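Read through the structure below, which is laid out as structure tokens, and then see the notes.
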Amino acid sequence: MIYNLEQIMALIPHRYPMLLIDGVIELEKGRRLRAVKNVTANEPFFQGHFPGKPIMPGVLILEAMAQASCVLAAGGMAESNTGGLYLLTGIKDAKFKRPVVPGDQLLLDAVFERSKRNYAIFSATASVGDEVAATATLSCVQK
């Protein structure tokens, strides 16, 4: 594991229940990152989404992809990071292709596309095994 849970929490401010990344398993500094989220039946959102048919909400899949992008920006874009808070500023072309359910291991791929000053754009994909669950283009700003 390249970044474990403690190292991720040192890079981004998210904490349970909003921290949606369990580890980073691949990293090419300045280019791409692969993170993992182990989806378990005891996630708080499954109580209401949906009783008897638990499905991870699409907005939380997008949030997990955004967190992976921010970890890439915070820890993988340069040898020394200036710190700061990364805020999601945009979501384009989001598509959902398969449901994510308890027991799935969500693979989160973030690829750096371009930046200008403190603004960056990433392409992101969430997959379960070889199946794509969601894709989007995400932008964030460093505050």
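The values are calculated or read from the model by the stated rules, or taken from the named source; none is laboratory data. What you see is a predicted model, and the numbers here were worked out from it, not measured in a lab. Backbone-built Cβ (ideal geometry, glycine too); neighbour counts: all protein chains shown.
Summary table below
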| item | result |
| --- | --- |
| Hey, A133 in contact (Cβ under 8 Å) with a residue 40 or more places away in the chain, more than 20 Å from E28 (Cβ to Cβ) and crowded, with 21+ Cβ neighbours inside 10 Å or not | yes |
| Matching strands (runs of 3 or more DSSP E) fully within region 1-98 where at least 2 residues are modelled with pLDDT under 95 and more than 14 Å from T125 (Cα to Cα) | 86-96 |
| Test: L106 is of a type in the set (A, V, I, L, M, F, W, C), within 16 Å of L60 (Cα to Cα) and modelled with pLDDT under 95 | no |
| Looking only at region 109-127, and only at residues there that are buried (at least 20 other Cβ atoms within 10 Å of the Cβ) and of a type in the set (A, V, I, L, M), the one that is modelled with the lowest pLDDT | A120 |
| Test: residue in region 101-116 that is at positive phi and touching a residue at least 40 places away in the same chain (Cβ under 8 Å) | yes |
